[in-house]
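Asker: This structure is in structure tokens; I'll ask about it shortly.
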2 protein chains.
Amino acid sequence: MPTKDSARRRRTLSERRQEIVTTAAELFDRHGYNNATMDDLAHAVGIAKPTLYHYFGSKEEILASIHEEFIDLLLGKHQRRRQAGLPPAQQLLEVMTDVLELMESHRGHVRVFFEHHRELPAAERDSIRDKRDAYEAQVAALIEQGTSAGTFRAVDPRIGALAVFGMCNWAYQWYRIGGSLEPRQIAYQFWDMFLRGIST
Amino acid sequence: MPTKDSARRRRTLSERRQEIVTTAAELFDRHGYNNATMDDLAHAVGIAKPTLYHYFGSKEEILASIHEEFIDLLLGKHQRRRQAGLPPAQQLLEVMTDVLELMESHRGHVRVFFEHHRELPAAERDSIRDKRDAYEAQVAALIEQGTSAGTFRAVDPRIGALAVFGMCNWAYQWYRIGGSLEPRQIAYQFWDMFLRGIST
């Protein structure tokens, strides 16, 4: 049987990069992106600092990977649903659930994505913004489809998308892992309010 | 007539503190709280650094004043409306308008309040959190009052308050001063969606 050390050595480049990104997201969430150093990160991953630099040239490069991973997860989940042809209202519930579930599985990514876009190097800042805008446009298009199908009334689709993102994304400020409500239950309540309204 | 300089000298302590807090909020918004130094701030206000320290002992103290000012504004506006006895649905529209209007008049305060709570000294962190929780509880109570009055259906009042805060507070991520919609128009659309729902 391989020892733990030999197993560690046999990790692929991409597995190791993934481990660094995951650990960095947690570290940045706990101590703040600006306060966390490459020394802290190397220590948290359990590798020497030169080894860390073998995988990532800078802290900004890791920051960019966290952003990329987060938005690609959202885009990928939504893409698979669009292909499955769910009705707009159901797709919307899944969109709302996605980000709340990521607060459970990727809480570090969530804070970094929402608070540190400005710290990205210029090229990455643009590319992430384009993906984020594309995702926002897809959710606005979903609302438009619902309106065309007669399921939703004629609201401003962009303001509708921003209301959806607001309700769900804002939860990163108050959601606690292990609280009394599961991510999907919270998403369902928000979705129900957004679709039916709270008026009698 | 007094010269500009003599007028400046005659400013009261509280006027000068106010000027520093306002300038600091703009500076922290533009450059990030962690990047902005007391040197930058003294320069932006147009005073010497020792003079700045005469008004505030530390950057954290200024951070605390920004937080205090922001939450006191929200609490004060809401308090006056409660005394005026507006119906819950109307009060809710005003609550939603308040924070969107503050993105126009106090945009630096908004970002600082939402992103730098963790950087506050412990005592201030607790006192600000208590005020923020009190405000959240007041908005939840408003939803409960609407339910009791038969205007709103029986939703979870806390989740309802978090939906309201989410839609409106999140706008600090996308709201641009001078855009095509006024703060009150955005608040109205969110309020309309939240009360009536988007379903047909």
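Values quoted throughout were computed directly from the atomic coordinates according to the rules given, and no laboratory measurement underlies them. It should be emphasised that the depicted structure is a prediction, and the values quoted were computed from it without experimental measurement. Here the Cβ positions follow ideal geometry from the backbone for every residue, glycine too, while neighbour counts run over all protein chains shown.
Asker: Can you pull a Stokes-Einstein diffusion coefficient for the protein assembly as shown at 10 °C (1.306 mPa s), Rh from Kirkwood over Cα pairs, as a whole number of µm²/s?
Answerer: Working: Rh = 23.3 Å.
Here the translational diffusion coefficient equals 68 µm²/s.
Asker: For A:ASP130, place a label point 7 Å out from Cα along the Cα→Cβ vector, do the same in each other copy, and report the separations in nm, one decimal, smallest first.
Answerer: Ordered by increasing distance: 5.1 nm.
Asker: Still on this structure, please answer the following. Quick check on chain B: helices-only [θ] at 222 nm, where DSSP H runs of length 4 and up contribute -39,500 (n - 2.57) each and the sum goes over total residues. Nearest 500, please. Numbers along the way, then the final one.
Answerer: Details: 10 runs with 148 residues, N = 200.
So the calculated ellipticity at 222 nm is -24000 deg cm²/dmol.
Asker: Now for a separate question. Just the Cα atoms of the stretch A:137-193: what Rg and Dmax do they give in Å?
Answerer: 13.2, 39
Asker: Work out from phi, with θ = phi - 60° and the Karplus expression 6.51 cos²θ - 1.76 cosθ + 1.60, the ³J(HN,Hα) of each residue of the stretch B:34-40, listed in order in whole Hz, and give x for Gly and Pro.
Answerer: These are the phi-based 3J(HN,Hα) values: 5, 7, 6, 10, 5, 4, 4 Hz.
Asker: Could you give the length gained on full extension between B:GLN90 and B:ILE177, defined as 0.36 nm per residue of separation minus the Cα-Cα distance, in nm? Intermediate results must be reported in sequence, preceding the final value.
Answerer: Details: separation 87, 0.36 × 87 = 31.32 nm, distance 2.50 nm.
Between B:GLN90 and B:ILE177, full extension yields 28.8 nm more.
Asker: Hey, what angle do you get for helix B:157-169 against the long axis of chain B, alpha-carbon based, 0 to 90 degrees rounded to 10?
Answerer: Value to nearest ten degrees: 50.
Asker: Summarise the partner chain shielding of A:128-141 as one whole number: the mean count of Cβ atoms from other chains within 10 Å of each residue's Cβ. All intermediate terms of the calculation are to be shown ahead of the outcome.
Answerer: Values: counts 0, 0, 0, 0, 1, 0, 0, 0, 1, 0, 0, 0, 0, 0.
So the per-residue partner count for this stretch is 0.
Asker: Right, another one. Just to confirm the numbers: B:SER14, label point 7 angstrom along the Cα-Cβ line, distances to the other copies in nm, shortest first?
Answerer: 6.4
Asker: Here's a follow-up. Of the peptides A:98-108, A:50-60, how do they stack up when ordered by the mean number of other Cβ atoms within 10 Å, highest first? Don't skip to the end; give the middle numbers.
Answerer: On the way: A:98-108: 19.1, A:50-60: 14.2.
Highest-to-lowest ranking by the protection proxy: A:98-108, A:50-60.
Asker: When each copy gets a label point 7 Å from Cα toward the beta-carbon at A:HIS117, what are the spacings between them in nm, shortest first?
Answerer: Spacings between copies for this position, smallest first, are 2.1 nm.
Asker: Next question, about the same structure. Can you give the FRET efficiency to the nearest 0.05 for B:GLU104 and A:ARG158, using r as the Cβ-Cβ distance and R₀ = 25 Å? Mind showing how you got there, number by number?
Answerer: Numbers: r = 19 Å, r/R0 = 0.76.
Between B:GLU104 and A:ARG158 the formula returns 0.85.
Asker: Now for a different question. Taking the Cα atoms only, what angle lies between the long axis of helix B:13-31 and the longest principal axis of chain B, rounded to 10 degrees?
Answerer: Helix B:13-31 and the main axis of chain B meet at about 70 degrees.
Asker: Further question on the same structure: Pairs of Cα atoms under 8 Å, at least six residues apart: use those to get the relative contact order of chain A, whole percent. It would help to have the intermediate numbers written out before the result.
Answerer: Numbers: 152 pairs, mean separation 46.4, N = 200.
Relative contact order here is 23 percent.
Asker: Kindly express, to the nearest 10 degrees and within the range 0 to 90, the angle between helix A:183-196's C-alpha long axis and the longest C-alpha principal axis of chain A.
Answerer: 30 degrees
Asker: P(r) for chain A: what percent of alpha-carbon pairs falls in each 10 Å bin, starting at zero?
Answerer: Cα pair-distance distribution for chain A, in percent: 8, 31, 30, 20, 9, 3, 0.
Asker: Now, a different point. Mind counting lysine pairs for me in the protein assembly as shown? Cα separation below 25 Å, and the two need to be 8 or more apart along the chain or on different chains. Kindly include the intermediate steps, with their values, before the conclusion.
Answerer: Working: A:LYS4/A:LYS49; A:LYS49/A:LYS59; A:LYS59/A:LYS131; A:LYS77/A:LYS131; B:LYS4/B:LYS49; B:LYS49/B:LYS59; B:LYS59/B:LYS131; B:LYS77/B:LYS131.
Within the protein assembly as shown, the lysine pair count is 8.
Asker: Averaged across B:30-39, how many Cβ atoms of other chains sit within 10 Å of each residue's Cβ atom? Numbers along the way, then the final one.
Answerer: Numbers: counts 0, 1, 5, 1, 5, 2, 0, 0, 0, 0.
Mean partner shielding for this stretch: 1.
Asker: To continue, here is another question. For B:ARG153, list long-range residues whose amide hydrogen, built 1.01 Å from N in the peptide plane, is under 5 Å from its own amide hydrogen.
Answerer: A:SER199, A:THR200
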